[in-house]
Amino acid sequence: MHRLFAPFIIFSVFTLAACNEETSSTSDNSTASIPADQVAAKVNNTVISKDDLNSFKKLKGNPQVSDDQILDEMIATELLREEAIKAGIADKEEVRYQLRLQESEILARLLMREKFGSIEFSEEELKAAYDAQMSNSESREFKARHILLKTEDEAIAVIDALRNGGDFVALAKERSTGPSGPNGGDLGWFQASRMVPPFANAVKLMNKGDVSVTPVQTDFGFHVIKLEDTRELEKPTFESKRDELQQSLIREAINSYIQEVQSAATISKS
């Protein structure tokens with residue numbers, strides 16, 4: 001047997017033709033339902049069929065890997081599975097739990113694929129989702145600097161220094177406790193939604209060139225902000241968003257289905 005333990009071996013969750021057979025099964029029982037010309041390999045009492053080989057190759061999703069390499073991986077995995085059983089690993093409670101969890105996850109994924117894998121939405125549904133998304137999207141980006149201070153008094157002192165002709169960049173480098181301090185407090189271009197609400201709300205009310213007249217408090221400390229510029233965001237076209245909209249509607253359908261299943265179930269939490 002060549003390249004049995006090839007370096008690409010992985011331990012995948014995959015059921016071989018006779019994985020549910022006990023290791024004490026006879027050869028005749030394991031091969032009874034599989035024609036001889038359909039047997040790809042036999043590992044002790046476990047048969048790996050050509051159908052198993054093809055299915056496993058599809059699961060790996062790598063058509064460049066040869067059938068021989070795939071078969072070697074399956075043989076090695078089966079041998080190690082049997083050794084694990086001999087060592088009593090399969091009888092450990094934590095292992096049984098992991099196997100039950102993996103089974104649940106696989107079945108859940110397969111159910112979702114079966115119910116929603118081929119779902120298609122109409123042009124009207126996609127356009128309605130696009131319109132809803134665009135109505136909630138931001139239309140502007142901001143370019144700003146900030147100086148982050150630990151206390152309000154320190155922030156007020158910085159604002160006073162700026163009013164008296166202080167240079168924002170120099171003060172940011174000298175006094176800011178934020179990671180952007182060494183860069184003069186430069187935050188680059190950003191959408192307001194990327195910032196914590198108090199900071200975002202303050203920026204939205206400012207005009208180009210404005211500097212905070214009062215400190216802006218967030219969980220990080222007290223900010224002195226300078227708005228350097230704003231620009232309008234180009235609205236993405238419907239066609240450029242089509243695939244994203246399709247996936248978004250699928251997620252909504254899945255969440256709706258899960259809620260439906262939950263509402264019909266008896267669930268108690270302690």
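Would you confirm, using the coordinates I've provided, whether Glu114 is in a loop (DSSP other than H, G, I, E, B), closer than 25 Å to Gln259 by Cα and not hydrophobic (A, V, I, L, M, F, W, C)?
no
Just to be sure before I move on: is Ala144 surrounded by 14 or more Cβ atoms within 10 Å (Cβ to Cβ), in a helix (DSSP H, G or I), among the hydrophobic types (A, V, I, L, M, F, W, C) and modelled with pLDDT of 95 or more in the structure I sent?
It is false that Ala144 is surrounded by 14 or more Cβ atoms within 10 Å (Cβ to Cβ), in a helix (DSSP H, G or I), among the hydrophobic types (A, V, I, L, M, F, W, C) and modelled with pLDDT of 95 or more.
With (1) at pLDDT below 95; (2) under 30 Å from Ala132 (Cα atoms); (3) exposed (fewer than 11 other Cβ atoms within 10 Å of the Cβ); (4) of a type outside the set (Lys, Arg) as the list, and Pro236 as the residue in question, which single condition is left unmet?
So the condition that Pro236 fails would be (3).
Considering only residues that are of a type in the set (Gly, Ala, Ser) and assigned to a strand (DSSP E or B), which ones fall in segment 211-227?
Within segment 211-227, Gly221 is the sole residue that qualifies.
Of everything in segment 115-145, what is closer than 22 Å to Asp186 by Cα and out of contact with any Phe, Trp or Tyr (no Cβ under 8 Å at 6 or more places or on another chain)? Give them in sequence order.
Here is the first cut: in segment 115-145, the ones closer than 22 Å to Asp186 by Cα are 138-145.
Passing the criteria: Glu138, Ser139, Arg140.
Read through the list (1) surrounded by 14 or more Cβ atoms within 10 Å (Cβ to Cβ); (2) without any contact (Cβ under 8 Å) to a residue 24 or more places away in the chain; (3) in a helix (DSSP H, G or I), then give the number of the only condition that Arg109 fails.
(1)
Rundown of residues vs (1) touching a strand residue (DSSP E or B) at 6+ places or on another chain (Cβ under 7 Å); (2) closer than 30 Å to Ile119 by Cα; (3) surrounded by 11 or more Cβ atoms within 10 Å (Cβ to Cβ); (4) in contact (Cβ under 8 Å) with a residue 12 or more places away in the chain, yes/no style:
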site	(1), (2), (3), (4)
Arg140	yes, no, yes, yes
Ile159	yes, no, yes, yes
Glu174	no, no, yes, no
Asp186	yes, no, yes, yes
Pro198	yes, no, yes, yes
Val203	yes, no, yes, yes
His223	yes, no, yes, yes
Glu244	no, yes, yes, no
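Could you please find all residues in segment 147-165 being within 38 Å of the chain's Cα centre (by Cα) and either among the hydrophobic types (A, V, I, L, M, F, W, C) or outside any loop (DSSP other than H, G, I, E, B) (or both)?
Selection gives Ile147, Leu148, Leu149.
The rows are residues; the columns are (1) in contact with a helix residue (DSSP H, G or I) (Cβ under 7 Å, 6 or more places away or on another chain); (2) farther than 30 Å from Glu232 by Cβ.
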{"position": "Glu141", "(1), (2)": "no, no"}
{"position": "Ala144", "(1), (2)": "yes, no"}
{"position": "Thr151", "(1), (2)": "no, yes"}
{"position": "Ala155", "(1), (2)": "no, yes"}
{"position": "Val158", "(1), (2)": "yes, yes"}
{"position": "Gly178", "(1), (2)": "no, no"}
{"position": "Gly184", "(1), (2)": "yes, no"}
{"position": "Phe190", "(1), (2)": "no, no"}
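Quick one: count up the residues across segment 51-66 that are over 20 Å from Ile106 (Cβ atoms) and modelled with pLDDT of 90 or more.
Counting residues in segment 51-66 that are over 20 Å from Ile106 (Cβ atoms) and modelled with pLDDT of 90 or more gives 1.
Within segment 197-219, track down each residue that is farther than 16 Å from Leu149 by Cα and not polar (S, T, N, Q).
If the condition is that a residue be farther than 16 Å from Leu149 by Cα and not polar (S, T, N, Q), then Pro197, Ala200, Ala202, Val203, Lys204, Leu205, Met206, Lys208, Gly209, Asp210 are the ones that fit.
Answer with yes or no whether Ile48 is under 27 Å from the mean Cα position of the chain (by Cα), under 25 Å from Ser104 (Cα atoms) and either modelled with pLDDT of 90 or more or not acidic (Asp, Glu) (or both). It would help to see each step written out before you state the result.
Working: under 27 Å from the mean Cα position of the chain (by Cα): no; under 25 Å from Ser104 (Cα atoms): yes; either modelled with pLDDT of 90 or more or not acidic (Asp, Glu) (or both): yes.
Considered against the rule, which asks whether it is under 27 Å from the mean Cα position of the chain (by Cα), under 25 Å from Ser104 (Cα atoms) and either modelled with pLDDT of 90 or more or not acidic (Asp, Glu) (or both), Ile48 comes out as no.
The values are calculated or read from the model by the stated rules, or taken from the named source; none is laboratory data. Note that the coordinates shown come from a computational prediction; the quantities given were computed from them, not determined experimentally. When we count neighbours, we look across all protein chains shown, and the Cβ atoms used for this are built from the backbone with ideal geometry, even at glycine.
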